[in-house]
1. Starting from the Cα of S208, step 7 Å toward the Cβ, then list every residue of segment 153-170 with an amide N under 17 Å from that point.
2. Extending each Cα 7 Å along its Cβ direction at E243 and Q179, get the distance between those two points in nm, one decimal.
3. Under a crude label model (7 Å from the Cα following the beta-carbon direction), how far is D82 from L132 in nanometres?
4. Report, by chain and number, residues whose modeled amide H sits under 5 Å from the one on R120, excluding near sequence neighbours (fewer than 5 apart, same chain).
5. Multiply the residue separation of N289 and L171 by 0.36 nm, subtract the distance between their alpha-carbon atoms, and state the gained length in nm to one decimal.
6. At 1.4 Å probe size, with every protein chain present, just tell me what the per residue accessible area of segment 140-285 comes to in Å².
7. Label-point separation (nm) for L111 and M223, each offset 7 Å from Cα along Cα-to-Cβ?
8. With respect to the cross-link table entries K284/K326; K105/K284; K108/K226; K226/K271, which display a Cα-Cα separation exceeding 25 Å?
Amino acid sequence: MTDGILGKAATMEIPIHGNGEAGQLPEDDGLEQDLQQVMVSGPNLNETSIVSGGYGGSGDGLIPTGSGRHPSHNTTPAGPGDEVARGIAGEKFDIVKKWGINTYKCTKQLLSERFGRGSRTVDLELELQIELLRETKRKYESVLQLGRALTAHLYSLLQTQHALGDAFADLSQKSPELQEEFGYNAETQKLLCKNGETLLGAVNFFVSSINTLVTKTMEDTLMTVKQYEAARLEYDAYRTDLEELSLGPRDAGMRGRLESAQATFQAHRDKYEKLRGDVAIKLKFLEENKIKVMHKQLLLFHNAVSAYFAGNQKQLEQTLQQFNIKLRPPGAEKPSWLEEQ
């Protein structure tokens, strides 16, 4: 059974040579960042007891945290409460110990891959899709930043046009000889403000949708990707461990260790396979959702900008109605479009 599973696992491996590159895949992030990722998920110690001493300590060093006192040196037999505390602390000790072993194995595997002394399991198609997603997210973040800058500029332009229109209107009342000229300039600025508010509403809607796509939809998929990458590292670490044990002597003690290693390896294999499937599904749905959202948003952006700069007020208003975008009522108080970003 061991040889069969190891044979299957080996078909998925890509050896690391030289500088640690696998095929045409792009290099991972820095080693320091990867090591931090390995260490980031520590043991879950949500109980009321702690472990005294290192991993090699005995059960006698377990101290309940709720007592707040040092261990007593009297010879009074332990009561039921002390036994429960010892049991809970013992469980926490096992959790810390398992976490430490897992971290050691993963760190060893990571360093082995980095320095070209080991192999890693690679799903080439999936890895390329993940890298494409990361690149797409970076580009969309750039569009989002530019869209926010455009919103800020439009808002400033509207403020200036509104003030200029008020100034023209005031001068129209106080300059009889230029009343008509100031008057139609005031009306022009007023119309430009109205169209500008409509355009600002469309751009704001565009920016909000891109923000949701980048910071929620894409980020959710990348969180699953991170879990998948961590599971891949664990899978390869325990695969390597099992391979090394398989090369050792087959005495009674080694057979027991080999069976235990085989069971642990299978558990990590199952976790890796599940997360690989989860990532593939999320990538598929993300791509479909991205196309649907961006088709609508790009059409909105194009129609609104074109109508605004063509001076087509009717088309501009129809664009917002088409995408069911509602503007603030005239004279409404804050928040402004800029502040809603």
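The values are calculated or read from the model by the stated rules, or taken from the named source; none is laboratory data. Here the structure is a predicted model, which is why all the values come from computation and not from measurement. Ideal geometry is used to build each Cβ from the backbone, glycine not excepted, and the neighbour counts take in all protein chains shown. Accessible surface areas use protein heavy atoms only, side chains included; no ligands, DNA or RNA. Shrake-Rupley method; radii C 1.70, N 1.55, O 1.52, S 1.80 Å.
1. Residues 155 fall inside that zone.
2. Distance between the two pseudo-spin positions: 9.4 nm.
3. Here the modelled spin labels are 6.5 nm apart.
4. Placed amide hydrogens put I14, I16 under 5 Å from R120.
5. Answer, rounded to one decimal: 37.2 nm.
6. With all protein chains present, segment 140-285 gives 53 Å² per residue.
7. Result for the modelled spin labels: 3.3 nm.
8. K284/K326; K105/K284, as the Cα separations exceed 25 Å there.
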